[in-house]
Amino acid sequence: MINKEAFNSFLRRNLLISLIVGLGTGIITLFLTIIFPATNIENAEAISASWPPIMKDLFGDPIHAFTNIYGWLHLQIFHITYWMVYSVLAAILASRIVAIEVEKKTIDILLSTPLTRTQLITSRFLALILILLLAIVPTFLGALTGIALLDFPVLWGKLMYTFLIGFLLMLCAAALTLLISVFKPGQLFSLFTTLGLLAFMFLYTESLTKMIPFVRKISFLSLFNFYQPSDILINNNFFVPDSIILFIISVILLFASITAFNKRDIYI
């Protein structure tokens, strides 16, 4: 199932730039963490009163963000920045599994070797998982260091589970991009289609489900229904089924990609 050469070559080609992205995001995370304003509750309530309802729907109530370091991390990092940066990275990497080979017209040469189509996808996707894990480390360390510098208690469970569930969302983004690229093998098309779908699902969960009662009943159609960092960081609610569902979705999308790729003719 795993071809070492396919795994290692994908790792070599994509690791450095991914680590640079991770390091930059880690520095931004550290900066955003240490500027926590530590506002008193009266001022936070005044800020909250000045925010229109749509902003609260999209970003959460600032009362938690301006008075609690973990609420601040949710607002500044995990609500948008974390998943957006790394989902873009995951989608770019996934578009380089199949689509790039078709665009460069090297897919026929690649598949003329003993490497099977299943090995191509599984080997490169496993390399993608490792790259994402390594790229996330600086962001984790940035948040951890910022909390420590501000002399707040480090709640390991909250941080680790929030990073984990975000990572699973990124795997879904990667697997979705891969599936799209199998049917329409273009890097930019698969990348922007995935990012467009993610943006729509985010607005669907954070805005439409709160405004339209009917939409609320089918909120499970969005991946972001299962990515709720505010529940973890602010409400101390570790809903494990959410992480399991995201993992299952990513596996289903990956296997669908493998099945479709094995059955499709590749035209170059």
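The values are calculated or read from the model by the stated rules, or taken from the named source; none is laboratory data. Since this is a predicted model, take the numbers as computed values, not measurements. Methodologically, a virtual Cβ is constructed for each residue, glycine included, from the backbone with ideal geometry; neighbour enumeration extends over all protein chains shown.
I'm checking my understanding of the structure. Among residues of the range 31-49 that are under 19 Å from Thr145 (Cβ atoms) and buried (at least 19 other Cβ atoms within 10 Å of the Cβ), which one is modelled with the highest pLDDT?
Thr33
Give the residue that is nearest to Ala94 (Cα to Cα), with candidates limited to residues of the range 116-162 that are in contact with a Phe, Trp or Tyr (Cβ under 6 Å, 6 or more places away or on another chain) and of a type in the set (Gly, Ala, Ser).
Ala127
Among the numbered conditions (1) in a helix (DSSP H, G or I); (2) surrounded by 21 or more Cβ atoms within 10 Å (Cβ to Cβ); (3) in contact (Cβ under 8 Å) with a residue 60 or more places away in the chain, tell me where Thr209 comes up short.
Single failed check for Thr209: (3).
Looking at (1) assigned to a helix (DSSP H, G or I); (2) surrounded by fewer than 20 Cβ atoms within 10 Å (Cβ to Cβ); (3) of a type in the set (S, T, N, Q), which is the only condition Thr113 fails?
(1)
Would you confirm, using the coordinates I've provided, whether Ile165 is in a helix (DSSP H, G or I), without any contact (Cβ under 8 Å) to a residue 24 or more places away in the chain and of a type in the set (Val, Ile, Thr)?
no
Can you name every residue in the range 250-265 that is buried (at least 17 other Cβ atoms within 10 Å of the Cβ) and either over 21 Å from Met160 (Cβ atoms) or at pLDDT below 85 (or both)?
Residues satisfying the conditions are Leu253, Leu254, Ser257, Ile258, Phe261.
Cβ-Cβ below 7 Å, separation at least six or inter-chain, first residue in the range 132-152 and surrounded by 14 or more Cβ atoms within 10 Å (Cβ to Cβ), second β-branched (Val, Ile, Thr) and not in a helix (DSSP H, G or I): which pairs?
Leu144/Val154; Ile147/Val154
Within the range 40-50, identify whether any single residue is of a type in the set (Ser, Thr, Tyr), under 17 Å from the mean Cα position of the chain (by Cα) and farther than 30 Å from Leu115 by Cα, and answer yes or no. I'd like the intermediate steps shown before the answer.
Step one: filter the range 40-50 for residues of a type in the set (Ser, Thr, Tyr), giving 48, 50.
With the extra rule that they be under 17 Å from the mean Cα position of the chain (by Cα), the set shrinks to none.
No, the range 40-50 contains no residue that is of a type in the set (Ser, Thr, Tyr), under 17 Å from the mean Cα position of the chain (by Cα) and farther than 30 Å from Leu115 by Cα.
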